[in-house]
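Every number here is computed from the coordinates shown, using simple stated rules; none is lab data. Model, not experiment: these values are computed from the prediction. Using ideal geometry, Cβ is built from the backbone for each residue, glycine included, and neighbour counts are taken over all protein chains shown.
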Amino acid sequence: MISLSALPIGDLSQFDWIARFKANQVHRLQIDFSTEPELTPLERSLISPSIQSFQKGEASEGRFLLHHAKQYADRSHDPNYPETMKWFVLEENWHSSYLKKYMDYHQIPVARHSFPDDIFRLLRKIGGLRSEIVVLVTAEMIALSYYRALAECVDSPALKSICRQMLKDELPHIVFQSYTLYKLKSHPLQKLLRILLMEVTMTVVWFCYKKVFQAGGYSYCRLASDCLGYLKQSIQIEETGTLSQKNQ
Ligand SMILES: [Fe+2]
Ligand SMILES: [Fe+2]
């Protein structure tokens, strides 16, 4: 598990997320397929279902999210928040397009539906901004372990480069979302709900894509330990508004 406090972000109250997202936009990943080997039938059947699902999950237009972000900005006098969120959604869509390029290259079809993604979308629409962010950040924390496992699953330089980029982008996303939860203020009971949501979700994802995790060196215990470790850090940011090292 990677420590979020190691990220070069500093004081969260001063951090310019829009500048960061804009800078990322200029240096998007160019996927190199020049040395890409063909997938074996076994590799294809191993990775396809989960890649299809995560590609779909990364592709959200964020309509509800942007709507709630605007409402929050209006009532909390945080005028930059909707634009920050717009850049965030754009970055997620880049993730979807990386996976789509990989799928196109290997002729893996796009999924119309995926069970975990359908559940995530449903949960995100249950409440307001807070629920959306809690569900999103839970998915992002699980995605960190998924992309680490996926990178180890097959001998694919292109996929390894995509997974590296995902980790590079998703770690700051977790900080960004957790700090928004800090600004939204929470009830102590909501912390328990976050733990419960993580435990249920990581278990569902494990059972859906166990073979990928196992091929990537993950047991259920390692997945749980990583996910709950990230959650602990996220809750610390939510409670304190800082990335303090001593809280790790
Ligand atoms: Fe993403
Ligand atoms: Fe993300």
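In this simple spin-label model, placing a label point 7 Å from the Cα along the Cα-to-Cβ direction at both Lys86 and Phe33 gives a separation of 3.2 nm.
Full extension of the segment from Ser97 to Val26, taken as 0.36 nm per residue of separation minus the current Cα-Cα distance, would add 24.0 nm. Farthest toward the positive end of the dipole of the chain, out of Ala69, Leu150, Leu7, is the Cα of Ala69, where the dipole comes from beta carbon charges about the Cα centre. Between Lys191 and Val204, the simple spin-label model (points 7 angstrom out along Cα→Cβ) gives 2.5 nm. Taking each residue as 0.36 nm, the span from Gln14 to Ser244 lengthens on full extension beyond its C-alpha to C-alpha distance by 81.3 nm.
Here the peptides 159-167, 31-39, 217-225 are ranked by packing, the mean other Cβ count within 10 Å, and the order with the highest first is 159-167, 217-225, 31-39.
Here the Gaussian network model covers the chain, with springs between Cα atoms less than 10 Å apart; of Gln14, Gln236, Gln55, Gln14 fluctuates the most.
A simple spin-label model places the labels of Leu184 and Ala215 3.5 nm from each other, with each point 7 Å out along Cα-to-Cβ. Given a 10 angstrom Cα cut-off, can you work out which residue in Arg44, Arg75, Arg121 is the most mobile in a GNM of the chain? Of Arg44, Arg75, Arg121, the most mobile in the Gaussian network model is Arg75. For the chain, set up a GNM with springs between Cα atoms under 10 Å and report which of His95, His113, His77 has the largest fluctuation. The residue with the greatest mean-square fluctuation here is His77.
The local environment of Thr138, defined by Cβ-Cβ distances under 14 Å, has a net charge of -1 under the rule Lys, Arg +1 and Asp, Glu -1. A Förster radius of 45 Å, combined with the Cβ-Cβ distance separating Asp155 from Leu66, puts the computed FRET efficiency at roughly 0.70.
Specify the angular offset, from 0 to 90 degrees and rounded to the nearest 10, of the alpha carbon long axis of helix 63-76 from the longest principal axis of the alpha carbons in the chain. Tilt relative to the chain: about 20 degrees. Computed over neighbours whose Cβ is under 12 Å from that of Glu38, the net charge equals -2, Lys and Arg +1, Asp and Glu -1. Across the stretch 20-25, rounded Karplus estimates of 3J(HN,Hα) from the backbone phi angles (6.51 cos²θ - 1.76 cosθ + 1.60, θ = phi - 60°) give 5, 5, 5, 5, 4, 4 Hz, Gly and Pro being marked x.
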